[in-house]
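Everything on this sheet refers to the single structure shown next.
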Amino acid sequence: MYKVGITGGIGSGKTTACKVFEILGIPVFYADAVAKEIMCKDVLLVAGIKSAFGEESYFADGKLNNKHIAGIVFNNEEALAKLNALVHPAVFRAFDAWEETTPKTVPYTLKEAALLFESGSYKMCDATVLVTAPYEMKLKRVMQRDSVSAEQVKARMDKQFSDEEKSKLAGHFIVNDEQQSIIGQVLTLHQQFLKAAEALKLANV
Ligand SMILES: CC(C)(COP(=O)(O)OP(=O)(O)OC[C@H]1O[C@@H](n2cnc3c(N)ncnc32)[C@H](O)[C@@H]1O)[C@@H](O)C(=O)NCCC(=O)NCCS
Ligand SMILES: Nc1ncnc2c1ncn2[C@@H]1O[C@H](COP(=O)(O)OP(=O)(O)OP(=O)(O)O)[C@@H](O)[C@H]1O
């Protein structure tokens, strides 16, 4: 199946763009959300996280203590690398399992991941999309959405590739600066992916 990876810096609007693709009937795998889910459900992963970041990584009811983990990993490169090494392989496996269950009738699938390029998972995609927005706009959006400080958002931004670095690896772009219509841009890309997916299908028969 033709696979499209979509990414963008924190607050760029990648989830918002994915919602439009979903309306067009394209199944979306939300890697960040799945990561959070399996960090609570996968017993081996839970054990690994507790061993690396302490029992306080989870609340008594089994929910992830995001604040505790964020406070450690977004201030320490080594700790973040450790967390990524625990979580990312499990997310890759979850994506493969999810893809197996998507109906063969869908023209292509979309994988939304904040760290598509950083984690190397873009190499498994047939096409990639980078969603961009001006720095101040991203900062403001996330501060509003998550009720967090500018410093907390900047700490996450610092741990991701810059838009300049991501641009070198991306095949397609969506500019979400609230001046250009995100819906129009998604529709244009959708047409391109339909054609590319069809071409891949014909090449494989
Ligand atoms: C550290 C955690 C617990 C913080 O949770 P919190 O609710 O505060 O943030 P949330 O998950 O909503 O992430 C907000 C944004 O931070 C950025 N971010 C998340 N994880 C990472 C990471 N490993 N490296 C760099 N940036 C990251 C993304 O832009 C994300 O959209 C959480 O982000 C996490 O579990 N991260 C590890 C899993 C992961 O790597 N997810 C992303 C790709 S699958
Ligand atoms: N074009 C837009 N106009 C107005 N608000 C927008 C626009 N695009 C996104 N937003 C808002 O900005 C916030 C961030 O968008 P979204 O959650 O899609 O970003 P994201 O890239 O998925 O962020 P994260 O990496 O944190 O998950 C959301 O509250 C969303 O509703």
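The values are calculated or read from the model by the stated rules, or taken from the named source; none is laboratory data. Bear in mind the structure is a predicted one, so any value in this text is a computation, not a measurement. Methodologically, a virtual Cβ is constructed for each residue, glycine included, from the backbone with ideal geometry; neighbour enumeration extends over all protein chains shown. Side chains included, ligands, DNA and RNA excluded: accessible areas come from the protein's heavy atoms. Shrake-Rupley method; radii C 1.70, N 1.55, O 1.52, S 1.80 Å.
The figure for Ser162 is an accessible area of roughly 50 square angstrom, using a 1.4 Å probe on the protein chains alone. Taking a straight line from the alpha carbon of Lys154, these aspartates and glutamates sit under 12 Å away, with near neighbours fewer than eight places off in the same chain left out: Glu136.
The stretch 71-138 has equivalent-ellipsoid semi-axes of 26, 19, 9 Å, by the square roots of 5 times the alpha carbon gyration tensor eigenvalues, sorted largest first.
Counting only residues at least eight positions apart within a chain, or on another chain, the lysines with an alpha carbon under 23 Å from that of Lys201 are Lys3, Lys104, Lys111, Lys123. Convex hull of alpha carbon positions in the chain: directionally averaged projected area 12.2 nm². Each principal axis of the Cα cloud of the stretch 19-70 was evaluated for its coordinate range; sorted largest first, these ranges are 43, 21, 19 Å. Of Asp96, Asp61, Asp163, the residue with the greatest mean-square motion in the GNM of the chain, using alpha carbon springs below 10 Å, is Asp61. Rounded to the nearest 20 debye, the dipole magnitude of the stretch 1-131 is 180 debye, with +1 charges on Lys and Arg beta carbons, -1 on Asp and Glu beta carbons, and the Cα centre as origin.
The residues of the chain expose, per residue, 54 Å² of accessible area to a 1.4 Å probe.
Which entries of Lys14/Lys63; Lys82/Lys195; Lys19/Lys50; Lys36/Lys195 have Cα-Cα distances beyond 30 Å here? Listed pairs above 30 Å: Lys82/Lys195; Lys19/Lys50; Lys36/Lys195. Solvent-accessible area assigned to carbon and sulfur over the chain amounts to 56 percent, based on a 1.4 Å probe.
Cross-link partners of Lys41 among aspartates and glutamates, defined as those whose alpha carbon lies under 15 angstrom from its own and excluding same-chain residues fewer than eight positions apart: Asp32, Asp61. Springs between alpha-carbon pairs under 10 angstrom, Gaussian network model over the chain: which of Gln192, Gln152, Gln179 fluctuates most? Looking only at Gln192, Gln152, Gln179, the biggest GNM fluctuation is shown by Gln179.
Between Leu24, Ala113, Ser147, the Cα set farthest toward the positive side of the dipole of the chain (charges on each charged residue's Cβ, about the Cα centre) is that of Leu24. Computed on the stretch 101-190, with alpha-carbon pairs under 8 angstrom and 6+ residues apart, the relative contact order is 36 percent.
The GluC sites (Glu not before Pro) found in the stretch 97-205 that occupy coil by DSSP, while having at most 14 further C-beta atoms within 10 Å, are Glu178. Here the mean projected area of the convex hull built on the C-alpha positions of the stretch 10-119 is 7.8 nm². Could you tell me which residue out of Ala79, Asn65, Pro89 lies farthest along the dipole of the stretch 32-101 toward its positive end? Charges go on the beta carbon: Lys and Arg +1, Asp and Glu -1, centred on the Cα centre. Sorting the options by dipole projection puts first Asn65.
Below 8 Å, C-alpha to C-alpha, sequence gap of six or more: please give me the relative contact order for the chain in percent. After rounding, I find 36 percent. Under conditions of 25 °C and 0.890 mPa s, the stretch 109-205 yields 160 µm² s⁻¹ as its translational diffusion coefficient, taking Rh as the Kirkwood radius over Cα pairs in the Stokes-Einstein equation.
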